[in-house]
Amino acid sequence: MSTLSALSALGNHLFPSERMPIMFIGHGNPMNAIEDNNYHKSWQAMGKALPRPQAILSVSAHWITSGTKVTGMSQPKTIHDFGGFPKKLFEQEYPAPGSPEMAALTKQLVIYSHIQTDDSWGLDHGTWSVLLPMYPAADIPVFQLSLDYDQPPTYHYEIGKQLSKLRDKGVLIIGSGNLVHNLGKVDWSGGNKVYDWALEFDKKFTEWMDKGDHKSILDYQKILGTTATMAHPSYDHLLPLFYILGLQQKNEKITYFNEQFDMASISMRSVVIK
Ligand code: ZN
């Protein structure tokens with residue numbers, strides 16, 4: 001069964017509880033925001049299957065800062081942080097309100113690090129390219145948490161843990177990146193090739209996630225060596241996953257969707273935990 005039909009079959013009964021699920025979404029090409037492809041459709045279906053959030057916190061691969069920041073503005077702007085795409089993509093706006101209240105609560109909850117309020121960012125494409133299909137009305141408040149790239153995996157994981165209470169407040173927390181992401185190695189031929197190191201990295205992480213072996217995940221650079229550096233020459237697209245795994249409770253199950261590769265070096269594997 002395709003991801004899409006699986007999601008449709010589960011419908012609204014997928015997430016019966018009050019506590020919001022958490023997600024890691026492989027966003028891939030920004031064009032997925034507007035192209036009527038399977039990724040776009042899966043995000044549309046996900047938006048319908050999830051309980052309606054009170055607010056959305058996005059941890060996007062595309063917001064790197066010194067220190068960790070949370071957007072505190074009431075009306076975040078849409079950021080078109082890419083180049084070389086059709087005009088139509090630049091014309092897209094995602095005018096969701098922000099959530100200064102939830103941003104303030106986030107700062108209170110996280111004691112592992114001092115979270116700073118940001119008034120200049122907005123919603124980058126890691127966030128809006130996914131939310132546009134999921135929640136096209138843009139009427140749910142959205143705020144973002146940044147990535148301090150200089151920090152080790154444990155830092156991101158520990159902050160993730162401390163965001164847990166937001167789920168009980170109806171906040172949908174989404175990590176937006178890609179499980180494998182090497183832009184320098186993308187295959188433009190349109191074939192179905194996937195690099196061995198991409199397959200291996202995706203498989204290993206999936207095994208660890210299935211087992212709840214977060215220790216190995218946090219130690220992945222040492223364990224996987226060159227496979228790790230090939231899968232993530234820079235690891236900005238992997239970092240959002242650490243927040244989501246930090247949020248996972250012991251009794252919570254992990255399921256996957258969009259388990260496929262784009263252009264040989266990008267894993268679109270996405271995760272729902274509830
Ligand atoms: Zn990206």
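The values are calculated or read from the model by the stated rules, or taken from the named source; none is laboratory data. A quick note: this is a predicted structure, and the numbers were derived from the prediction, not measured. Cβ: placed from backbone, ideal geometry, glycine included. Neighbour counts: every protein chain shown.
Go through (1) in contact with a helix residue (DSSP H, G or I) (Cβ under 9 Å, 6 or more places away or on another chain); (2) within 16 Å of the ligand (Cβ to nearest atom) one by one and return the number of the condition Tyr195 breaks.
Among (1) in contact with a helix residue (DSSP H, G or I) (Cβ under 9 Å, 6 or more places away or on another chain); (2) within 16 Å of the ligand (Cβ to nearest atom), the lone unmet condition for Tyr195 is (2).
Mind listing whichever residues of the stretch 216-268 are over 23 Å from Ile159 (Cα atoms) and within 16 Å of the ligand (Cβ to nearest atom)?
Ala231, Pro233, Asn258, Phe261, Asp262, Met263, Ser265, Ile266, Ser267, Met268 - these are the residues of the stretch 216-268 that are over 23 Å from Ile159 (Cα atoms) and within 16 Å of the ligand (Cβ to nearest atom).
Would it be correct to say that His237 is more than 29 Å from Leu50 (Cα to Cα) and surrounded by 22 or more Cβ atoms within 10 Å (Cβ to Cβ)? Talk me through it step by step, then tell me what you get.
On the way: more than 29 Å from Leu50 (Cα to Cα): no; surrounded by 22 or more Cβ atoms within 10 Å (Cβ to Cβ): yes.
In short, no.
Select, from Ala61, Ala104, Ala96, the only residue that is small (Gly, Ala, Ser), in a helix (DSSP H, G or I) and either within 25 Å of Tyr149 (Cβ to Cβ) or more than 15 Å from the ligand (Cβ to nearest atom) (or both).
On the way: Ala61 fails: in a helix (DSSP H, G or I); Ala96 fails: in a helix (DSSP H, G or I).
It is Ala104.
Going by the conditions given, is Lys274 surrounded by fewer than 22 Cβ atoms within 10 Å (Cβ to Cβ) and either within 16 Å of the ligand (Cβ to nearest atom) or more than 30 Å from Ala103 (Cβ to Cβ) (or both)? Steps first, please.
Working: surrounded by fewer than 22 Cβ atoms within 10 Å (Cβ to Cβ): yes; either within 16 Å of the ligand (Cβ to nearest atom) or more than 30 Å from Ala103 (Cβ to Cβ) (or both): no.
Considered against the rule, which asks whether it is surrounded by fewer than 22 Cβ atoms within 10 Å (Cβ to Cβ) and either within 16 Å of the ligand (Cβ to nearest atom) or more than 30 Å from Ala103 (Cβ to Cβ) (or both), Lys274 comes out as no.
Within the stretch 120-134, track down each residue that is in contact with a strand residue (DSSP E or B) (Cβ under 8 Å, 6 or more places away or on another chain) and either hydrophobic (A, V, I, L, M, F, W, C) or outside any helix (DSSP H, G or I) (or both).
Scanning the stretch 120-134 gives Trp121, Gly122, Leu123, Asp124, Trp128, Val130, Leu131.
Condition first: more than 26 Å from Trp128 (Cβ to Cβ) and surrounded by 23 or more Cβ atoms within 10 Å (Cβ to Cβ). Now tell me which residues in the stretch 167-198 satisfy that.
To start, the set of residues in the stretch 167-198 that are more than 26 Å from Trp128 (Cβ to Cβ) comprises 185, 187, 189-198.
The answer is Ala198, and nothing else.
Pairs under 8 Å by beta carbon, first residue on the phi > 0 side of the Ramachandran plot in the stretch 100-117, partner modelled with pLDDT of 95 or more and assigned to a loop (DSSP other than H, G, I, E, B), six or more apart or different chains?
none
Let's see how each residue does on (1) of a type in the set (Ser, Thr, Tyr); (2) touching a Ser or Thr at 6+ places or on another chain (Cβ under 9 Å); (3) surrounded by 14 or more Cβ atoms within 10 Å (Cβ to Cβ):
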residue: Thr68; (1), (2), (3): yes, yes, yes
residue: Gln75; (1), (2), (3): no, no, no
residue: Glu91; (1), (2), (3): no, no, no
residue: Tyr94; (1), (2), (3): yes, yes, yes
residue: Lys107; (1), (2), (3): no, yes, yes
residue: His125; (1), (2), (3): no, yes, yes
residue: Leu131; (1), (2), (3): no, yes, yes
residue: Gln144; (1), (2), (3): no, yes, yes
residue: Leu147; (1), (2), (3): no, yes, yes
